[in-house]
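*Asks:* Sharing a structure here in structure tokens format.
The values are calculated or read from the model by the stated rules, or taken from the named source; none is laboratory data. In this text the structure is predicted, and so the values were computed from the model without any measurement. Backbone-built Cβ (ideal geometry, glycine too); neighbour counts: all protein chains shown. Protein only, heavy atoms only, side chains kept; ligands, DNA and RNA dropped before computing areas. Shrake-Rupley method; radii C 1.70, N 1.55, O 1.52, S 1.80 Å.
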Amino acid sequence: HREDLAAMQSLQQSISPWKANQTRLTTILQSEQVELKSLELLRVEERDLLPQVTAVTSEEARLSRQIAEVDKSQSELRTLVSQLQGHVQSGTCPLCGEDHGSKNQLVLRIQQHVAADAASSARADITGVRERVKQLTERVASNKQKQQAMETQLAFLGKERAKFESEIDQFVNFAVKLGVVIKEDGLSPVEQI
């Protein structure tokens with residue numbers, strides 16, 4: 001009888017930790033649900049960001065090609081204009097026949113036209129596109145980092161959940177061995193003891 005009494009007293013002393021474990025388990029389960037929802041939202045955001053990154057990267061590549069083509073064309077034009085300037089004898093343009101007054105005036109006008117950057121708008125556009133690529137890349141990296149942190153937190157919560165479930169099961173099994181049945185809708189363990 002003393003052994004039974006000692007076992008019952010031990011069970012009675014275990015009730016408070018058991019209740020605390022149940023409360024912690026409920027909190028962990030709620031936290032897991034919140035973390036899972038947050039993780040899913042991050043995954044949705046990532047799925048939205050990746051096509052944007054692809055589109056902006058493609059735009060950057062297109063603008064880079066356009067600038068390279070214009071620069072190549074400008075280089076060829078400068079070579080040709082340099083050759084043309086060798087044929088300028090007076091203020092009259094050898095191409096269009098217009099009189100520009102003096103030879104120096106004609107050469108100055110030719111140099112002004114060649115100096116204009118035909119790719120200036122594309123260069124301005126690519127600066128904005130590169131900034132957008134940078135922003136999107138940072139957002140994707142931040143998103144990945146948050147996902148990893150949440151996955152780590154979920155793994156931790158899973159271990160905690162398993163620990164508390166195990167402790168609760170040990171209490172229930174100990175109670176069952178003593179003839180106390182733990183039910184949600186029945187008498188409390190204290191009342192049964």
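*Asks:* For the residue pair residue 20 and residue 112, what label-to-label distance in nm results when each label sits 7 Å from Cα along the Cα-to-beta-carbon direction?
*Replies:* For the pair residue 20/residue 112, the computed spacing is 8.8 nm.
*Asks:* Using amide H atoms built in the peptide plane, which far-off residues or other-chain residues are under 5 Å from residue 92 H to H?
*Replies:* For residue 92, the qualifying residues are 100.
*Asks:* Residues of the chain: accessible area per residue at 1.4 Å, in Å²?
*Replies:* Per residue, the chain has an accessible area of 69 Å².
*Asks:* Using only alpha-carbon positions, what ratio does the radius of gyration of the chain give when scaled by 2.2 N^0.38 Å?
*Replies:* 2.42
*Asks:* Are there GluC sites (Glu not before Pro) in segment 65-113 that DSSP puts in a loop and that have at most 12 other Cβ atoms within 10 Å, and which ones? Intermediate values should be presented prior to the final figure.
*Replies:* On the way: sites: 69, 76, 98; in loops: 98.
Sites meeting the loop and neighbour criteria: 98.
*Asks:* If you wrap segment 1-110's Cα atoms in a convex hull and average its projection over all directions, what's the area in nm²?
*Replies:* 14.9
*Asks:* Given that compact globular proteins tend to follow 2.2 N^0.38 Å, what is the ratio of the alpha-carbon Rg of segment 58-147 to that value?
*Replies:* Compactness ratio reported: 1.76.
*Asks:* Determine the alpha carbon to alpha carbon distance for each of 37/146; 72/103; 37/134 and list only those over 24 Å.
*Replies:* Exceeds cut-off: 72/103; 37/134.
*Asks:* Further, regarding this structure: Under a point-charge model restricted to the Cβ atoms of Lys and Arg (+1) and Asp and Glu (-1), what is the dipole moment magnitude of the chain relative to its Cα centre, in debye to the nearest 20? Please list the in-between numbers first.
*Replies:* Numbers: 24 positive and 27 negative charges, 103 e Å.
Computed about the Cα centre, the dipole is about 500 debye.
*Asks:* Moving to a separate point now. Using the alpha carbons of segment 82-135, what is the convex hull volume per residue in cubic angstrom, as a whole number?
*Replies:* About 88 Å³ per residue, rounded to a whole number.
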